[in-house]
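The values are calculated or read from the model by the stated rules, or taken from the named source; none is laboratory data. The structure displayed is predicted, hence computed values, not measured ones. As a convention, Cβ positions derive from the backbone with ideal geometry for all residues, glycine included, and neighbour counts pool all protein chains shown.
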Amino acid sequence: MTLQYKNIVVLTGAGISVASGLPTYRGTGGVWEKHHVETLGSIEGFRREPDKGWKLFGALRPIIQVAAPNAAHLALAQFESSLAPQIRFLVTTQNVDGLHQRAGSRNVAELHGHLMRSRCDAKCGQPALDDDRTYESAVPKCPSCGGLWRPDIVFFGELTDIEATWRTKRALRDVELFIAVGTSGNVEPASNFVRWARDMGARTMLVNAEPTRDDEAFHERLYGKAEVVLPRFLSSLG
């Protein structure tokens with residue numbers, strides 16, 4: 001597919017994975033409605049009470065394992081595969097579920113890491129490893145140094161993944177079409193992406209289940225379920 005846009009960036013949040021059976025974090029019934037965000041969502045809280053942190057994040061792993069990409073994930077992957085070689089396309093996601101890759105998306109930047117990996121909190125040099133264990137009975141230790149073993153995700157109080165952030169900022173320098181899907185727009189740096197895109201003269205589109213406080217930053221807004229609205233919008237670009 002050849003489009004008028006040569007550089008496209010899509011930002012996704014937890015809302016795109018709701019139809020796959022995964023909870024949001026800030027929405028109604030979300031993770032932070034049921035758990036204290038400062039206690040379990042921050043790196044200080046996790047280090048202080050890693051047993052409680054693992055009970056929360058470890059319990060999400062089986063849910064992610066059985067989840068399947070929904071129509072929104074698949075539409076993005078199919079759209080990417082249809083593009084002409086000269087068109088640059090990046091999905092930059094706040095999600096940690098890996099559903100974009102499982103749907104077939106090739107260019108994905110995971111700003112907040114991946115929950116199905118674990119790594120050493122002591123940064124001893126042990127690389128992050130694929131890990132589906134829940135650690136319900138005991139807090140795990142690093143196999144190399146014995147330090148705290150943690151999910152390979154970004155907690156509050158930590159910087160987003162360096163490589164993913166660099167790839168995203170590089171793409172936003174030349175972006176012509178920016179689409180945000182299923183995100184509250186409350187978490188930095190992703191909350192600033194639409195403004196950067198507008199500064200570059202890009203067309204900006206929001207696809208969300210319901211209005212949020214920063215919607216006016218977008219040129220256009222489509223409200224509804226991502227798995228319904230996003231495929232329709234992408235097909236209209238062809």
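Quick notes
- The lone exception for LEU148 - which of (1) out of contact with any Leu (no Cβ under 7 Å at 6 or more places or on another chain); (2) assigned by TED's automatic domain parsing to the domain that holds GLY13; (3) of a type in the set (A, V, I, L, M) it fails: (2)
- Yes/no for THR93 being surrounded by fewer than 19 Cβ atoms within 10 Å (Cβ to Cβ), within 14 Å of the chain's Cα centre (by Cα), within 17 Å of VAL9 (Cα to Cα) and not acidic (Asp, Glu): no
- If the condition is being within 16 Å of the chain's Cα centre (by Cα) and buried (at least 22 other Cβ atoms within 10 Å of the Cβ), then segment 71-88 contributes ALA72, HIS73, LEU76.
- For THR204, the requirement of being surrounded by 15 or more Cβ atoms within 10 Å (Cβ to Cβ), in a helix (DSSP H, G or I) and at pLDDT 95 or above is not met.
- Among the conditions (1) farther than 26 Å from LEU206 by Cβ; (2) out of contact with any strand residue (DSSP E or B) (no Cβ under 6 Å at 6 or more places or on another chain); (3) at pLDDT 95 or above, the only one that ARG170 does not satisfy is (1).
- If you go through segment 57-84 and keep only what is within 22 Å of ALA122 (Cβ to Cβ) and either in contact with a Gly (Cβ under 9 Å, 6 or more places away or on another chain) or among the aromatic types (Phe, Trp, Tyr) (or both), you end up with just PHE57.
- Test set (1) farther than 21 Å from GLN4 by Cβ; (2) at pLDDT below 95; (3) not in a helix (DSSP H, G or I) - SER191 fails condition number: (3)
- GLU216 falls short on exactly one of the conditions (1) at pLDDT below 95; (2) within 19 Å of the chain's Cα centre (by Cα); (3) part of a helix (DSSP H, G or I), and that condition is (2).
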